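Below is one structure; the comments refer to it alone.
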Amino acid sequence: MENLKLAWRNLWRNRRRTMITAASVFFAVFFALFMRSLQLGSYDYMYKNVIESYSGYIQLQQKEWWDEKTIDNSFGYNLKLEERLLSDNNIVNTIPRLESFALASSGSNTKGVMVMGIDPEKESLLSDISKKVAKYHLSADAIAKILASKQLPEKATGNLPLFENVYYDDENRLLQDLGLNVEKKDSYLPVLARYSRIEGEQIKVGEPGVWLGQELAKYLEVQPGDTMVLMGQGYHGTTAAGKYQIKGIIKIPASDISGRIVYLPYDVAQELFHAENNLTSLILHVRDNSDKAIAETSQWLSEKIPDETRIIDWKEMNDVIIQQMEADNVSGMFMIGILYIVIAFGIIGTVLMMTAERRREFGVLVAIGMQKKKLASIVGYEMMMIGLLGVMAGIIISIPIILYGVNHPIVFKGELAHMMEEYDFEPKLVFETVSYYYLWQAFVVALMVLVSLIHPVRKILRLKVVNALRA
Amino acid sequence: MKVLELKNAHKIYNSSEIQVHAVNGVDLTFEEGEFAAIVGPSGSGKTTLLNMIGGLDHPTKGLILVENTDLSKLKPSKLIDFRMRNIGFVFQSYNLIPVLTAAENVEFIMNLQKKPKKERQKRTEDLLNAVGLGDRINSRPSKLSGGQQQRVAVARALASKPKFILADEPTANLDSKSTETLLQIMEELNREEKITFIFSTHDARVVKRARRVVTLEDGKILSDEISKN
């Protein structure tokens with residue numbers, strides 16, 4: 001207790017230096033936690049986006065489909081198979097998909113597209129795709145009419161040309177992009193709706209009709225209500241051709257996908273490709289998505305599924321994303337490592353100064369009877385206290401900020417948001433609570449302090465009292 | 001009773017080419033209750049001799065015996081422990097612990113000795129009263145004058161009830177009034193506590209008050225006189 005008291009008082013004899021050292025530890029901990037929270041949050045968000053909204057955690061596929069994605073590598077799907085799959089406790093529902101490729105054509109514009117046959121209702125278990133049907137389109141014509149009406153504030157009319165040809169599925173986002181107050185939407189929205197509103201509809205199983213990605217719609221120069229033709233190769237070399245009404249434009253953040261995706265009901269797709277009752281993949285919607293549960297379900301299913309099919313899990317389907325995230329994770333850790341090394345040198349600098357300027361005092365203490373080990377432990381306590389001060393401050397201040405960020409993700413607006421979307425980044429920064437990481441901080445800082453203690457402890461243990469008293 | 005004995009003590013420093021005989025065959029004995037001064041010009045070996053007596057430095061040759069314990073035979077940690085229990089130090093620049101109050105500085109060694117709290121507090125109070133600082137027990141060294149700090153240092157040196165106290169030029173940084181007060185206090189404590197005081201000094205005022213004066217020159221004893229004080 002006496003040693004702790006002495007260490008605590010020693011800490012404050014050079015208040016400014018202690019504060020600077022503790023502050024450097026604080027900033028290291030704070031930024032490490034903040035950056036890590038953002039990084040883990042973005043991974044989690046990406047996982048959720050990709051896995052939970054698109055691939056699902058496990059799929060049933062025709063054996064060859066993953067390596068060669070042609071309609072010929074589809075498998076037969078029937079009620080009996082469905083019942084067999086649903087008999088597993090972890091499988092809550094199944095989400096059918098039939099994917100293939102075709103040429104999409106409207107007027108004189110034609111483009112190779114990915115055709116995705118889906119069950120819109122079941123798809124909503126995974127993603128909110130039905131909510132992504134665009135409601136507004138700021139076409140050049142619409143912008144000209146809005147400007148001519150002179151019913152919007154100057155700021156908004158100035159912003160309008162920046163968003164030419166952009167689709168919106170969210171009214172608030174439209175208002176924000178134009179710099180309009182969302183709370184006054186009742187006065188602005190009717191003006192915008194009058195000239196830029198597009199009426200999208202839902203697609204339904206059993207009813208022909210398609211949704212297009214917004215970039216594809218721009219390319220084909222089509223609007224909801226127009227007609228387009230899909231033409232390609234069907235099942236086992238048949239000719240696939242069909243004419244469909246465009247029910248809606250889907251606002252998809254990733255520009256490369258939105259430029260080549262066509263959704264239609266899966267039964268309509270089966271008819272188009274002459275692949276009656278066939279699917280290319282069946283997403284198994286699971287109750288428990290932990291690795292263990294997925295492995296158990298996969299194992300159980302492998303004995304129950306037809307020979308022509310196989311079970312594929314999210315890790316195999318998203319191996320590229322996972323590798324990218326792992327690489328990014330390592331680079332993040334590396335950056336934090338550099339941050340810590342810089343801070344460690346700061347602490348070592350403090351320790352060196354402290355040891356040098358107190359050499360005489362150390363000599364006196366040993367002369368009057370303090371054991372060197374005890375003296376070293378007091379110096380150790382001092383450094384530990386500085387470390388603790390910094391770590392605690394870093395944790396205490398970062399917790400509310402991170403928790404706020406968890407509940408209020410940073411959503412970018414306006415031009416910056418569109419620029420990010422053009423590079424296929426969602427304009428959103430998501431935080432995650434990083435519980436285990438707090439302990440990790442304490443461990444790393446303790447390690448830094450221990451390393452920085454090597455020098456003073458060596459100096460104290462080798463102290464020659466007579467020389468120290470002359471210092 | 002014999003407290004301290006030096007037998008043919010030598011201290012030789014080896015520089016790159018020449019050997020320096022800082023202490024050269026010193027034989028000395030100090031009895032309990034002595035109030036002795038070691039004097040001599042700069043470089044005569046006073047501080048080296050004091051360091052060896054205090055177990056801070058080892059003789060190159062010869063013996064330093066404190067109540068028949070040969071200091072050079074003690075292991076480093078045992079020697080530190082021995083110093084704590086048997087030797088008090090008063091330094092020229094006071095060397096109090098700046099973050100502790102006067103009382104805490106005095107109590108410090110008793111803390112190291114693990115003495116009971118009540119005993120520590122009582123002795124601290126007695127000693128600070130004895131050195132005339134009963135009203136400054138909670139002052140930190142930075143709030144005390146040089147003379148007051150040196151008085152706290154004397155109280156600290158006495159706290160562990162040592163066999164003897166070594167004071168290396170204790171009045172060098174003090175004005176005449178503070179020197180007089182300090183010497184008076186040390187004399188009183190020497191008489192009351194029967195503790196041996198050994199000073200190294202240049203100060204004529206200290207020499208005048210000493211009851212024994214050992215004069216060193218070139219590391220050798222030039223004279224060893226008992227004063228009539």
Under 5 Å, built H, 5+ apart or other chain: amide partners of residue A:198: A:136, A:137
Distance from region A:226-292 to region B:138-187 (C-alpha centre basis), Å: 95
Would you please name the chymotrypsin sites (Phe, Trp or Tyr not before Pro) within region A:134-215 that are DSSP coil residues with at most 16 other C-beta atoms within 10 Å of their C-beta? none
Here the tail fraction of P(r) beyond 39 Å, over all Cα-Cα pairs of the protein assembly as shown, rounds in percent to 59
Which net charge results for the neighbourhood of residue B:114, defined as the other residues with beta-carbon distances under 13 angstrom from its beta-carbon, given Lys and Arg at +1 and Asp and Glu at -1? +1
Compute, for residue A:310, the solvent-accessible surface of its heavy atoms (probe 1.4 Å) with the complete set of protein chains present, and express it in square angstrom to the nearest 10. 60
Sequence order, region B:212-220: Karplus ³J(HN,Hα) from phi using 6.51 cos²θ - 1.76 cosθ + 1.60, θ = phi - 60°, Hz rounded, Gly and Pro as x, gives 9, 10, 9, 9, 10, 8, 6, x, 10
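Can you give the net charge of the other residues whose Cβ lies under 14 Å from the Cβ of residue A:179, counting K and R as +1 and D and E as -1? Don't jump to the answer; show the numbers that get you there.
Values: positive: A:155, A:173, A:184, A:185, A:413; negative: A:154, A:177, A:183, A:415.
That works out to +1.
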Just to check I understand the Karplus step: with θ = phi - 60° and J = 6.51 cos²θ - 1.76 cosθ + 1.60, what whole-Hz values come out for region A:78-93, glycine and proline as x? 9, 4, 5, 5, 4, 4, 4, 5, 6, 6, 6, 4, 7, 8, 8, 7
Residue by residue through region A:32-38, which ³J(HN,Hα) values in whole Hz follow from phi under the Karplus form 6.51 cos²θ - 1.76 cosθ + 1.60 (θ = phi - 60°), with glycine and proline marked x? 4, 5, 5, 5, 5, 4, 5
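List, in the order given, every pair from B:163/B:220; B:2/B:75; A:374/B:114 whose Cα-Cα distance in the structure shown is over 20 Å. Mind dumping the intermediate values first?
Values: B:163/B:220 25 Å; B:2/B:75 23 Å; A:374/B:114 14 Å.
From the list (B:163/B:220; B:2/B:75; A:374/B:114), the Cα-Cα distance tops 20 Å for B:163/B:220; B:2/B:75.
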How about region A:243-350: which GluC sites (Glu not before Pro) there are in a DSSP loop, with at most 14 other Cβ atoms within 10 Å of their Cβ? A:276, A:303, A:308
Excluding residue B:175 itself, what net charge comes from residues whose Cβ is under 14 Å from its Cβ, given Lys and Arg +1 and Asp and Glu -1? +1
Can you give the FRET efficiency for residue A:420 and residue A:80, using 1/(1 + (r/R0)^6), R0 = 56 Å, r = Cβ-Cβ distance, to the nearest 0.05? 0.75
Spelling it out for residue A:69: with amide H atoms placed in the peptide plane at 1.01 Å from N, the residues 5 or more places away or on another chain with amide H under 5 Å from its amide H are none
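What is the ratio of the Cα radius of gyration of region B:1-122 to 2.2 N^0.38 Å, with N the residue count, to two decimals? Before the final figure, lay out the partial values.
On the way: Rg = 16.7 Å, N = 122, 2.2 N^0.38 = 13.7 Å.
Cα-based Rg divided by the globular estimate yields 1.22.
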Find, among the trypsin sites (Lys or Arg not before Pro) in region A:371-465, those assigned to loop by DSSP (not H, G, I, E, B) with at most 10 other beta-carbon atoms within 10 angstrom. A:462
How many angstrom lie between the Cα centre of region B:69-95 and the Cα centre of region A:396-471? 46
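Given an 8 Å cut-off on Cα distances and at least 6 residues of separation, report the relative contact order of region A:1-156 as a percent.
13
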Relative contact order, percent, region A:219-332 [alpha-carbon distance under 8 Å, six or more residues apart]: 17
How tilted is helix A:2-11 with respect to the longest principal axis of chain A? Cα atoms for both, answer in degrees (0 to 90, nearest 10). 70
Please state the equivalent ellipsoid semi-axes for region B:100-228: what are the square roots of 5 times the Cα gyration tensor eigenvalues, largest first, in whole Å? 28, 17, 12
Long-range amide H contacts for residue B:57: which residues qualify at under 5 Å (H placed 1.01 Å from N, peptide plane, sequence gap of 5 or more or a different chain)? B:52
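The values are calculated or read from the model by the stated rules, or taken from the named source; none is laboratory data. Predicted, not measured: the structure shown is a model, and the values here were computed from it. Using ideal geometry, Cβ is built from the backbone for each residue, glycine included, and neighbour counts are taken over all protein chains shown. The area values use the complete protein model at the heavy-atom level, side chains included, leaving out ligands, DNA and RNA. Shrake-Rupley method; radii C 1.70, N 1.55, O 1.52, S 1.80 Å.
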